[in-house]
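Scroll down for the structure; my scribbles are underneath it.
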Amino acid sequence: MSPFAKWLVIPVLFFSVAAIAQETSQHVTFVTHAAFFSKETNQPKRLDPQVFVRDSAAPAAVGPQGIEHVAGVRSVLIDSDAKSTLVMNAKDEPLGFNLGQWLGAKGSATITPVADRKAKITASFSGLRPDGHYSLFENHFDQKPIGFTPLDGTGERNNFIADKSGRAKITVTAPSMLTKVNAILLVYHSDGKDHGTERGPIEIAAHHQLIAPIE
């Protein structure tokens, strides 16, 4: 093969590899966990079981996800609570932002198969809490109760901090390819801490904000 012909082959090879990667990559869009939960559990009124608003008439109770909350707060009602309403955790402790800011987060991710049947996942977010602590987990809907594992498998590289404009981008290698029984879950940590392989105290210091089901 002539030197000229070799130079023709190299670009073709690079193009082929890029084309294969593009064909096998999957793009997913995050939705609010509130909307996803309400639809999957057929709630009569759309709600957010992960954050609360103050309501003096609300008794202490167990929320829709089986988590206890104190008297004086209730789950957010997405379609009727004002977006300017401050949101609380299950102990009636302010989270430092309002409902509109909480529900305004957005995100997307690209999932690409890599060697050893692993998956490279690059996720981008906007509208997060500025300087807020977050982590990515994998939902396992084929487990009962639903299982949660760190997206990286170890809880070491699935954590990140949003920048001062509420944006973030993170790349994680998952130990295996995600399927239709999985989802990528964005967890907000209101205590400002990483919790390794665990999500942390749900509705107290760890709050499900966004979710991207795998299709």
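One residue alone among Asp131, Asp79 is in contact with an Asp or Glu (Cβ under 9 Å, 6 or more places away or on another chain), surrounded by fewer than 21 Cβ atoms within 10 Å (Cβ to Cβ) and either not in a strand (DSSP E or B) or not assigned by TED's automatic domain parsing to the domain that holds Arg46 (or both), and that residue is Asp131. When you scan region 139-146, do you find a residue that is farther than 19 Å from Glu215 by Cα and aromatic (Phe, Trp, Tyr), even just one? The answer is no; no qualifying residue exists.
Please verify whether Glu138 is buried (at least 18 other Cβ atoms within 10 Å of the Cβ), within 18 Å of the chain's Cα centre (by Cα) and charged (D, E, K, R), treating the condition exactly as stated. When the stated conditions are applied, Glu138 passes them. Of the residues that make up region 107-115, is at least one assigned to a loop (DSSP other than H, G, I, E, B) and among the hydrophobic types (A, V, I, L, M, F, W, C)? Yes, that holds for at least one residue.
Look through Gln101, Gln143, Gln65 and report the one residue that is under 19 Å from the mean Cα position of the chain (by Cα), closer than 19 Å to Thr29 by Cα, of a type outside the set (Phe, Trp, Tyr) and not in a strand (DSSP E or B). Of Gln101, Gln143, Gln65, the one residue that is under 19 Å from the mean Cα position of the chain (by Cα), closer than 19 Å to Thr29 by Cα, of a type outside the set (Phe, Trp, Tyr) and not in a strand (DSSP E or B) is Gln101.
Just so you know, in region 44-64 the residues that are in contact with a Pro (Cβ under 7 Å, 6 or more places away or on another chain) and more than 14 Å from Asn89 (Cα to Cα) include one that is surrounded by the most Cβ atoms within 10 Å (Cβ to Cβ), and it is Leu47. Pairs meeting the criteria (first residue in region 140-161 and farther than 20 Å from Thr173 by Cβ and modelled with pLDDT of 95 or more, second residue among the β-branched types (Val, Ile, Thr) and assigned to a loop (DSSP other than H, G, I, E, B), beta carbons under 8 Å, at least 6 apart or on different chains) are Phe141/Val181; Asp142/Val181. What single numbered condition from (1) part of a strand (DSSP E or B); (2) buried (at least 21 other Cβ atoms within 10 Å of the Cβ) fails to hold for Leu95? Condition not satisfied by Leu95: (2).
Working only within region 111-127, note down all residues that are under 16 Å from Ala212 (Cα atoms) and among the hydrophobic types (A, V, I, L, M, F, W, C). Passing the criteria: Ile111, Ala119, Ile121, Ala123, Phe125. For region 173-192, state whether one or more residues are among the basic types (Lys, Arg) and more than 21 Å from Thr32 (Cβ to Cβ). So far as region 173-192 goes, no, none of its residues is among the basic types (Lys, Arg) and more than 21 Å from Thr32 (Cβ to Cβ). Of all residues in region 158-195, those being farther than 24 Å from Pro49 by Cβ, over 13 Å from the mean Cα position of the chain (by Cα) and surrounded by fewer than 19 Cβ atoms within 10 Å (Cβ to Cβ) number 11.
The values are calculated or read from the model by the stated rules, or taken from the named source; none is laboratory data. Computed from a prediction, not measured in an experiment: that's the story for all the values here. Here the Cβ is made from the backbone with ideal geometry for all residues, glycine too, and neighbour counts use every protein chain on show.
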